[in-house]
Amino acid sequence: MTINIKKCTLEDLCILQEISYETFNETFKHQNSPENMNAYLEKAFNLKQLEKELCNISSEFFFVYFNNEIAGYLKVNTNDAQSEEMGNESLEIERIYIKNKFQKHGLGKYLLNKAMEIAMERNKKKIWLGVWEKNENAIGFYKKIGFVQTGAHSFYMGDEEQMDFIMTKTLI
Ligand SMILES: CC(C)(COP(=O)(O)OP(=O)(O)OC[C@H]1O[C@@H](n2cnc3c(N)ncnc32)[C@H](O)[C@@H]1OP(=O)(O)O)[C@@H](O)C(=O)NCCC(=O)NCCS
């Protein structure tokens, strides 16, 4: 069993779009209408939008591979790229997605450790993220890793306003 990680470049744009669509669908389609899912997918993962995010120097994407097969991805933001004004001492995990068939093999933790490593290298004091209040699996995972709820914010899935918990882990 081998696990590898690779930082994404613009050359990975189409693969990034593919895995973003696939993992978002797998995770949320059962609890959301097709209209709202499609509206979100179109808005968040169109090639122009992803290209812009890949070119932002304060955002980084990583692919994780399990036995050389792409299994998931991570997106972290610092500074102004963060989706809330958390300041320069914070790092946001905006996306952390493992394909269904690769879950529970330690890959989520592997990506989370990568985010922690980046945060510590850059002297950040905390890592934070937003997670849908109904995403019990991810909330369980974050709690296991040591995140605690520190707030909440709105998130729009198409035209539906949803509640995201903000969860934070302080770095020592
Ligand atoms: C949430 C997610 C990233 C977790 O990744 P994963 O690869 O399945 O989790 P791991 O195998 O790395 O688990 C790491 C540890 O957390 C524990 N864990 C995992 N899921 C858990 C859960 N739902 N509840 C409690 N503990 C959990 C594991 O048992 C493991 O513990 P250990 O270190 O003692 O062995 C993954 O399930 C996923 O991508 N889900 C769909 C997308 C998603 O919801 N992303 C988050 C959006 S905010």
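The values are calculated or read from the model by the stated rules, or taken from the named source; none is laboratory data. What you are looking at is a predicted structure, and each value in this text was computed from that prediction instead of being measured. Virtual Cβ from ideal backbone geometry, glycine too; neighbours counted across all protein chains shown. Just the protein is used for accessible areas: all its heavy atoms, side chains included, with ligands, DNA and RNA removed. Shrake-Rupley method; radii C 1.70, N 1.55, O 1.52, S 1.80 Å.
Condition (residue is modelled with pLDDT of 95 or more, among the basic types (Lys, Arg), under 18 Å from MET157 (Cβ atoms) and outside any helix (DSSP H, G or I)) applied to the stretch 30-52: is it met by at least one residue? First the steps, then the outcome.
Step one: of the stretch 30-52, the residues modelled with pLDDT of 95 or more are 30-52.
Those left that are additionally among the basic types (Lys, Arg): 43, 48, 52.
Next cut, under 18 Å from MET157 (Cβ atoms) only: 43.
If we keep only those that are outside any helix (DSSP H, G or I) too, we end up with none.
Checked against the condition, which is being modelled with pLDDT of 95 or more, among the basic types (Lys, Arg), under 18 Å from MET157 (Cβ atoms) and outside any helix (DSSP H, G or I), the stretch 30-52 yields no hits at all.
Kindly indicate whether LYS99 is open to solvent by less than 30 Å² (accessible area, probe 1.4 Å) and within 11 Å of the ligand (Cβ to nearest atom). Don't jump to the end; show me each part of the working.
Working: open to solvent by less than 30 Å² (accessible area, probe 1.4 Å): yes; within 11 Å of the ligand (Cβ to nearest atom): yes.
So LYS99 passes the test.
Counting residues that are touching a Phe, Trp or Tyr at 6+ places or on another chain (Cβ under 7 Å) and hydrophobic (A, V, I, L, M, F, W, C), which strands (runs of 3 or more DSSP E) fully inside the stretch 57-106 reach at least 3? Even if it seems obvious, please write down each step before you answer.
Values: elements: 59-66, 69-78, 90-98.
Qualifying strands (runs of 3 or more DSSP E): 59-66, 69-78.
From the set of residues in the stretch 106-123 that are touching a residue at least 40 places away in the same chain (Cβ under 8 Å) and open to solvent by 30 Å² or more (accessible area, probe 1.4 Å), which is farthest from the ligand (Cβ to nearest atom)?
Taking the stretch 106-123 as the starting set, the residues that turn out to be touching a residue at least 40 places away in the same chain (Cβ under 8 Å) are 106-107, 110-111, 114-116, 118-120, 122.
Restricting the remaining residues to those that are open to solvent by 30 Å² or more (accessible area, probe 1.4 Å) gives 106, 110, 114, 116, 120, 122.
Working: GLY106: 5, TYR110: 7, LYS114: 12, MET116: 13, MET120: 19, ARG122: 22 Å.
Only one residue fits best here, namely ARG122.
Could you check the stretch 72-89 and list, in sequence order, the residues that are among the small types (Gly, Ala, Ser) and open to solvent by less than 30 Å² (accessible area, probe 1.4 Å)? Quick ask: steps written out before the conclusion?
Of the residues in the stretch 72-89, the ones among the small types (Gly, Ala, Ser) are 72, 81, 83, 87.
Selection gives GLY72, ALA81.
Does GLU92 satisfy being acidic (Asp, Glu), open to solvent by less than 30 Å² (accessible area, probe 1.4 Å) and within 16 Å of the ligand (Cβ to nearest atom)?
So GLU92 fits the description; yes.
Name the residue, out of LEU54, LEU41, that is open to solvent by less than 70 Å² (accessible area, probe 1.4 Å) and away from the ligand (no atom under 16 Å from the Cβ). If you could, list the steps in order and put the result at the bottom.
Details: LEU41 fails: away from the ligand (no atom under 16 Å from the Cβ).
Within the list LEU54, LEU41, the selection yields LEU54.
How many residues are part of a loop (DSSP other than H, G, I, E, B) and closer than 14 Å to LYS169 by Cβ if we restrict to the stretch 111-148?
Of the residues in the stretch 111-148, the ones part of a loop (DSSP other than H, G, I, E, B) are 122-125, 133-135, 146-147.
Those left that are additionally closer than 14 Å to LYS169 by Cβ: 124-125, 146-147.
Selection size over the stretch 111-148: 4.
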